[in-house]
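For reference, the structure is listed below as structure tokens.
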Amino acid sequence: MRVIACVNQKGGVGKTTICANLAYALSQKGKRVLAIDLDPQAQLGQYFGLFQNNRAGIDRVLNGKSELTDVIQTLSPELGFITAGPGLQRLESTPMGKGRGLILKKALKRSVPDCDLVLLDCPPASGFLVVNALAMATELLTPVTPDFFGMSGLSTMMATMRNFERMSGKYQKHWV
């Protein structure tokens with residue numbers, strides 16, 4: 001199963017828009033897609049017409065209170081969605097500690113959703129949520145705007161990836 005994290009430490013570069021449109025387009029092509037909103041702003045759900053974030057979501061999975069498959073909302077036969085959940089913001093500021101960056105990856109192994117592709121909409125940060133996304137992802141998609149701040153965000157993201165590579169050994173052969 002492919003797991004693509006849509007990630008950049010700069011906000012406003014189109015991560016959520018790309019994630020929503022890619023999820024919808026691939027589901028229309030017959031791919032079984034699960035879109036997960038890892039951003040506490042919870043705007044991915046709004047793209048799918050869901051305007052409340054008080055439902056149990058990925059926050060409960062990261063807290064160990066639910067499995068991934070327990071919090072999936074079915075939007076169409078090919079498209080599933082997991083909302084951020086009301087407790088996600090509090091998780092971003094919790095200390096990492098040993099193994100905290102692997103919670104999402106372990107949850108995927110325990111409770112594998114029936115899908116071809118998982119898309120992760122990440123917050124513009126480098127904390128707990130992004131570390132979990134990077135550990136879970138098999139691929140990264142980093143949208144960039146062609147301006148000074150967009151390029152600065154890309155530079156910061158690349159530094160984060162180098163640090164992540166050193167710690168985990170992941171992605172080293174996939175830089176272009």
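With springs only between Cα atoms under 10 Å apart, run a GNM on the chain and tell me which of L22, L34, L120 wobbles the most.
L22
Kirkwood hydrodynamic radius, computed over distinct alpha-carbon pairs, for the range 4-94: how many Å, to one decimal?
Numbers: mean 1/r = 0.0747 Å⁻¹.
Computed over the range 4-94, the radius equals 13.4 Å.
Kyte-Doolittle mean at least 0.0 and Cα extent at least 27 Å along the axis: which DSSP H helices of the chain qualify?
Counting only whole DSSP H runs, the qualifying helices are 148-168.
May I have the extent of the alpha carbons of the range 50-142 along their three principal axes, as whole Å values ordered from largest to smallest?
Cα extents, longest axis first: 37, 29, 27 Å.
Return the single residue from L62, L117, L26 with maximal mean-square fluctuation; model: Gaussian network over the chain, springs between Cα atoms under 10 Å.
L26
Out of the DSSP beta bridges found with both residues in the range 35-129, what percent are antiparallel (nearest 5)?
40
Any idea what the dipole of the chain comes to, in debye rounded to 20, about its Cα centre with Lys/Arg Cβ at +1 and Asp/Glu Cβ at -1? Before the final figure, lay out the partial values.
Details: 20 positive and 13 negative charges, 119 e Å.
Rounded to the nearest 20 debye, it is 580 debye.
Keeping every protein chain present and rolling a 1.4 Å probe, give me the accessible area per residue for the range 5-81 in Å².
Details: 3620 Å² over 77 residues.
Using a 1.4 Å probe on heavy atoms only, each residue of the range 5-81 averages 47 Å².
Positive end of the charge dipole of the chain (Lys, Arg +1 and Asp, Glu -1 on Cβ, about the Cα centre): tell me which of P146, A42, A133 has its Cα farthest that way.
A133
Please work out the FRET efficiency for the pair F51 and V144, using the Cβ-Cβ distance as r and a Förster radius of 25 Å; give the result to the nearest 0.05.
It comes out at approximately 0.30.
Using a 1.4 Å probe over the heavy atoms of the protein chains, calculate the carbon and sulfur portion of the accessible area of the chain as a whole percent.
53
How large is the Rg to Rh ratio of the range 14-66 when both quantities use alpha carbon positions and Rh follows Kirkwood?
1.00
Which entries in the list K65/K109; K65/K106; K15/K106 go over 18 Å, if you measure between the two C-alpha atoms of each?
K15/K106
Which option, (i) 38, 36, 29; (ii) 95, 32, 27; (iii) 76, 47, 33, is the value of Cα extents along the principal axes in Å that was calculated from these coordinates?
(i)
The values are calculated or read from the model by the stated rules, or taken from the named source; none is laboratory data. Computed from a predicted structure; not experimentally measured. In this analysis, Cβ positions are derived from the backbone assuming ideal geometry, glycine residues included, and neighbour counts consider all displayed protein chains. Quick note on the areas: whole protein, heavy atoms, side chains included, nothing else; ligands and nucleic acids left out. Shrake-Rupley method; radii C 1.70, N 1.55, O 1.52, S 1.80 Å.
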